[in-house]
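Notes follow the structure.
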Amino acid sequence: MTERWTQARAHAWYATQPWFVGCNFTPSYAINQLEMWQPETFYLEAMERELALAASLGMNAARVYLHDLLWKQDAPGFLDRIDQFLSVAYRFNIRTMLVLFDSCWHPEPALGPQPQPKAGVHNSGWVQSPGVPALENPAEHPRLRTYVEGVVKRFAEDDRVFAWDIWNEPDNGPEVALCDPATLKAKADLVVPLLVEAFDWARGQKPSQPLTSGIWLGDWSEPERLTDIQRAQTDNSDLVSFHNYGTAEEFETRVKWLQAMGRPIICTEFMARPAGSTFQDILPKAREHRVGAICWGLVRGKTQTHLPWDKWDGHLPHVPQDTWFHDVFDEMGAPHDPEEVDFLRLLTAIDDADRALAA
C-alpha cells in the first residue's frame, strides 16, 4: 500500500498551489448528489452557467459530492459525466475536490426521481453515501471498494482534481452534534473501519492529489481530545481539513489548533451569515494563515440552504432577519449581497496579483 504523504511532501505540494477560495457546488436544479449526476437530470449547461458565476468572484475551487449508487447504476456513464463536469469547471480555472462518501442527512438513499423540497426546510433532500443499510452490511463493502478505486484511478493524475475528500463528516447523523459519548462511540464502531479502508483503497491508486477528511465537532486543542473518528480522519489525511461556521475569532482559534498537526490546512465548509461566519470576516483570516476556504453553497435552489439549519435558532442581533444562511446568488444570477460580491472580487484579485508578483 502507498504510504500517507509526509509533512514535507504535503507542504511542497501546497507551496505550488494557489490560495484555494471556492464553494461547495450543487447546481440549483438539484436537491442532492443523485439528482445532480443521474443521466436523466445531468444538465451540464445549467452547471456551466452557475460555474461562470463562481468564476466571476475569482473562485478557483469547487467541492463536489459524488455517490456510490451512481457507480452501481452505470460506472462508465458516471465517470464520463464527472469528466464533463471537470472540463467545464477547468475552463473557468476552477479545480475540483471530489467527495466520495458522506454521513449527512437521509440514511436510505435511492436512485430514480428525487423528492421535491420540503417547504421551509434546509437541505431537505440530501442523502448519505453509503446509506446506513450498505454501511451496516459487510457484503456491500466490496462494491464500495470498487467504487472508490474506480473513481480515484480514473482521475488519479488529473490536474483538474486538486484533492480527494474521502468522507464528509463521517461522525454526523441524528443527534450526533450533541456530542453524547455513547452516540459517538456507536457511530465510530460502525464507521471507523470503513473510513480507514476507504483511505487505503484511494491511496492504493497512487493519486497525485492529496487525501483528506474534515473534522468539525468538539475541541481539537490537544490530541487526546480527538474522538476515535477524528483521530482516524487526521491520522490518514495528507492535508488537514475542517469545517467551521463560527465567528472569525473561533475560526482563527481552530486554525491555530490545527497548525500543531504540521500540515497544510483547508476549511472545506464555512459561511453562515446569521451565525457570524461571513466572507468579509473569515476570508482575511484564512488568507493571513494561507488556509484554503470553501464556502457552503453558490446559487440558491432546491437544496434551500439559504434557509437556516433545522433546530438552529441563534441569530446575531445586528443581522437582518431576511439574511440568507448560505448561498451567494439567486437563480437568475443576482447577488444576495452586492457588497459581499464586490469584496470577494477585490480580495481574490489582490491575491492573484500578489501571487503573480511573487512568481
Nothing charged except the Cβ atoms of Lys and Arg (+1) and of Asp and Glu (-1): what's the magnitude of the dipole of the stretch 2-85 about its Cα centre? Round to the nearest 20 debye. 420 debye
Tally Lys/Arg at +1 and Asp/Glu at -1 over every other residue whose Cβ is under 10 Å from the Cβ of residue 289; what's the total? +2
Positive dipole terminus of the chain, leading residue within 257, 7, 84 (C-beta point charges): 7
Pairwise centroid distance, computed over Cα atoms, of the stretch 214-248 with the stretch 30-97, Å: 27 Å
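Explain nothing, just the number: relative contact order of the stretch 7-358, from Cα pairs under 8 Å at least 6 residues apart, as a whole percent.
20 percent
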Could you give each residue of the stretch 292-302 its phi-based ³J(HN,Hα) in whole Hz, using Karplus coefficients 6.51, -1.76, 1.60 with θ = phi - 60°, and x for Gly or Pro? x, 9, 10, 6, 8, x, 9, 10, 4, x, 5
HN-Hα J couplings of the stretch 100-113 from phi, Karplus 6.51/-1.76/1.60, θ = phi - 60°, integer Hz, Gly and Pro as x? 8, 10, 7, 9, 8, 6, 5, x, 10, x, 9, 5, x, x
When the charge dipole of the chain is computed with +1 at the Cβ of Lys and Arg and -1 at the Cβ of Asp and Glu, the Cα pointing farthest to the positive end, of 332, 25, 208, is that of 208
If I stretch the segment between residue 49 and residue 253 completely, what's the gain in nm (0.36 nm per residue apart, minus their alpha carbon distance), one decimal? 69.8 nm
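Rounding to the nearest 20 debye, state how big the charge dipole of the chain is about its Cα centre with +1 on each Lys and Arg Cβ and -1 on each Asp and Glu Cβ.
Its charge dipole is roughly 720 debye.
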In the chain, which whole DSSP H runs stretch at least 20 Å along their own axis (Cα) and average -0.5 or higher on the Kyte-Doolittle scale? 68-91, 181-203, 338-358
Restrict the search to the stretch 75-171; then list the GluC sites (Glu not before Pro) that DSSP places in a loop and that have at most 15 other Cβ atoms within 10 Å of their Cβ. 157
Lysine pairs, Cα distance under 19 Å, 8 or more residues apart or cross-chain: how many in the chain? 5
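Bear in mind these aren't lab numbers, they're just calculated from the coordinates by the rules spelled out. These numbers come from a predicted model, not from an experiment. All Cβ positions, even for glycine, are placed from backbone atoms using ideal geometry, and neighbour counts span all protein chains on display.
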